[in-house]
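Structure first, commentary second.
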Amino acid sequence: MMSKHLLVPESAMVRGVRDVTEDTVLIDVVFDEKEAGDAFTYLPGQFAELTMFGVGECPISITSTPTRQALEFAVRDVGNVSHAIHNLQAGDRLGVRGPFGNCFPVQDMVGKDILFVAGGIGLAPVRSLINYALDNRSEFGRIDIVYGARTPGLLCFSGEYDSWRRAPRCRLHLTVDSEAPGWTGTVGFVPRVVNDLGLEPGGRVVVVCGPPVMIKFVLADLARAGYADQDVITTLELKMKCGVGKCGRCNIGSKYVCLDGPVFRLSDLKALPQEF
Amino acid sequence: MNPGCLDKAGIEDALMHLAASRDVFAPVREGGTLEFRRLPAGGLVFLGPEKTLLPLKTLYLPMTEDVFSRCMKAGETGMEIAAPMERDRVVFGALGCDIATLHLLDPVLLGEPPDEAYRERRERTAIVALACKGEGPECFCSSCDIDPACPGGSDVVLTDVGDAFLFDALTEKGSRILETLDGRLREATDDELATARSFDSTAADNIPLAKIPEDFADLWEADLWDDLASRCIGCGVCTLLCPTCYCFDVQDEQRGTESKRFKTWDSCMFSEFTRMAGGDNPRDTKRSRVRQRFLHKLQYYSSEHGKAACVGCGRCRVHCPVGIGIDEVITRLARGKVPGEVKGGGE
């Protein structure tokens with residue numbers, strides 16, 4: 001979708017708002033104009049710029065999957081705009097521009113096993129691809145999801161874990177950083193859980209998204225385990241304003257995260273200046 | 001249309017005649033500063049080989065421009081998109097370096113999806129260039145493939161031939177301007193034509209833009225960045241006065257029941273430029289920001305668009321409080337391929 005002016009959003013209505021963790025809400029939006037909704041076709045990994053009128057705009061990854069009806073964004077309360085989004089109620093209006101950026105290379109993943117590794121709010125873009133893969137279950141091999149957060153209360157999308165566990169050839173491995181009251185699951189950092197699984201690289205693609213420190217350790221471990229750089233995929237987050245490679249702030253060398261990303265293979269990232 | 005001549009004494013009157021049918025902009029000196037202003041303006045129109053403080057880009061990418069407004073009353077969802085301009089425009093006295101800038105901005109701003117406001121301003125503005133010899137001590141446009149004596153991309157070229165300007169239309173748009181001025185232009189004398197023909201650039205052509213290594217890895221860890229960062233005070237004046245800088249910010253505000261979005265100039269020299277809401281900042285040092293500024297112009301831009309984003313106007317050097325100029329940076333970057341060979345200091 002591209003509106004008449006590249007910085008003018010389409011008006012959309014909030015259908016629902018719910019908490020997905022202590023500091024993150026999930027909003028479900030529908031465009032006011034039917035044509036705008038029809039034109040908003042996206043794939044997992046893309047993002048949109050959300051406008052709180054009179055406050056500002058911020059880039060948020062699309063967490064829903066195009067295989068389902070809802071258009072959803074998970075927003076953590078970290079800045080002016082995201083804070084205003086937290087105050088939204090059903091029926092309120094916001095602006096949406098997009099979709100922007102590339103997407104996960106879903107075509108290249110067909111027929112392969114997928115290991116998803118996510119930490120904290122990093123699950124938001126990954127959830128789009130998880131549900132996309134589960135909705136096209138026969139096209140992908142075995143799916144493993146390793147997901148962790150600092151505390152049980154910070155685990156996103158807990159309402160969907162059962163459906164992931166029940167899906168054929170799909171396993172969910174949850175973990176939290178340290179012991180917590182009422183938590184009976186695995187305790188430990190995400191990289192350790194990934195290591196303990198000992199999944200072999202052959203025919204498997206890994207999608208990694210989370211805090212930089214988690215990504216750093218996971219990438220090092222995957223390299224040791226023999227994963228090729230082109231089979232390791234991650235998404236980057238940089239400050240982005242225009243979404244179309246013109247405002248000048250999200251570049252890494254000559255690449256723009258808003259155009260050439262946010263999804264990158266590790267092999268692509270290694271060819272860039274290390275400034276992200 | 002054949003070149004015609006207009007005596008200098010009649011130029012203001014001619015500009016005002018044009019202003020009846022379109023917006024006319026020209027360099028105007030006011031309070032010691034030369035700026036493009038819409039006529040009539042207080043101050044004196046100056047058509048000469050002197051750069052305006054702010055480059056021509058301000059007429060295409062204003063410092064601040066409205067994008068849209070929206071009524072915040074309950075039930076109202078409509079947005080009003082701001083019109084970038086009303087009447088067609090003509091800019092007088094633009095110099096070759098500034099005009100060349102537009103051809104560097106075009107691929108970025110007209111690339112899909114285009115910046116519609118920029119496109120409209122480009123399409124509806126005629127450019128009357130002033131032939132220039134590039135004589136300023138800061139000028140090195142000739143090193144950037146620009147001929148200031150015959151500025152490409154303009155609709156009319158004016159050449160100073162003594163007591164008059166020779167008007168030479170290059171495009172259809174330019175011919176229409178000459179038609180509007182018909183009756184004021186007289187035939188050029190042989191002497192005047194000869195003067196115009198001998199007009200030539202003397203700008204420095206030895207700044208080695210073409211010798212800058214194409215691979216960022218060759219320059220990424222250069223000592224030069226430490227040296228520049230230790231001198232730079234991060235004021236950003238280089239980016240604001242640079243004719244090829246286009247980076248912008250998008251801001252929203254609410255006044256009463258109206259919310260408004262506007263676009264403003266921004267600068268990669270400011271740490272806020274890349275700082276995210278959560279606090280992370282990939283360019284959190286002055287060294288990284290200085291490197292971004294110069295590598296964007298000299299390497300990233302050229303890898304995308306085939307030439308460096310510098311027109312050799314020298315504004316950055318003239319106005320930098322600590323005397324950093326891109327000509328110096330180019331010369332030093334061109335000197336060494338291996339990071340260790342690009343030494344700081346000792347210029």
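No lab work stands behind these numbers, since they all come straight from the coordinates. None of the values given here were measured: they were computed from a predicted structure. In this analysis, Cβ positions are derived from the backbone assuming ideal geometry, glycine residues included, and neighbour counts consider all displayed protein chains.
Some points to look at:
- If you go through the stretch B:261-273 and keep only what is in contact with a Gly (Cβ under 9 Å, 6 or more places away or on another chain), of a type outside the set (Ser, Thr, Tyr) and more than 8 Å from chain A (Cβ to nearest Cβ), you end up with B:MET269, B:PHE270.
- Single unsatisfied condition, B:MET276 versus (1) more than 9 Å from chain A (Cβ to nearest Cβ); (2) aliphatic (A, V, I, L, M); (3) free of Cβ contacts under 8 Å to residues at least 24 places away in the same chain: (1)
- Pairs, first part of a helix (DSSP H, G or I) in the stretch B:77-101, second of a type in the set (S, T, N, Q), C-beta under 7 Å, six or more apart: B:ILE99/B:SER154; B:THR101/B:THR244
- As a summary of the residue check, B:GLU50 satisfies the conditions (1) within 30 Å of B:GLN254 (Cβ to Cβ); (2) in a loop (DSSP other than H, G, I, E, B) except for the one numbered (1).
- Only one of the numbered conditions (1) surrounded by fewer than 16 Cβ atoms within 10 Å (Cβ to Cβ); (2) more than 20 Å from B:CYS132 (Cβ to Cβ); (3) touching an Asp or Glu at 6+ places or on another chain (Cβ under 9 Å) is not met by B:LEU44, and that is (2).
- Whichever residue in the stretch B:289-300 is without any contact (Cβ under 8 Å) to a residue 60 or more places away in the chain and facing chain A (nearest Cβ under 10 Å) and, among such residues, is farthest from B:ASP227 (Cα to Cα): B:HIS296
- The single condition from (1) buried (at least 16 other Cβ atoms within 10 Å of the Cβ); (2) under 17 Å from the mean Cα position of the chain (by Cα); (3) more than 30 Å from B:GLY32 (Cα to Cα); (4) among the acidic types (Asp, Glu) that B:GLU116 fails is (2).
- Of all residues in the stretch A:193-216, those that are within 14 Å of chain B (Cβ to nearest Cβ) have Cβ atoms under 9 Å from Cβ atoms of residues that are among the acidic types (Asp, Glu), 6 or more apart or on another chain, in A:PRO212/B:ASP280.
- Checking each residue in the stretch A:47-77 for being without any contact (Cβ under 8 Å) to a residue 12 or more places away in the chain and either farther than 17 Å from A:SER11 by Cα or touching a Gly at 6+ places or on another chain (Cβ under 6 Å) (or both) picks out only A:GLN69.
- Total residues in the stretch A:221-276, condition touching a residue at least 60 places away in the same chain (Cβ under 8 Å) and away from every other protein chain (no Cβ under 14 Å): 4
- The residue that is farthest from the chain's Cα centre (by Cα), among those in the stretch B:30-41 that are in a strand (DSSP E or B) and surrounded by fewer than 16 Cβ atoms within 10 Å (Cβ to Cβ), is B:GLU30.
- Verdict on B:THR285 being under 23 Å from B:THR58 (Cβ atoms), hydroxyl-bearing (Ser, Thr, Tyr) and more than 10 Å from chain A (Cβ to nearest Cβ): no
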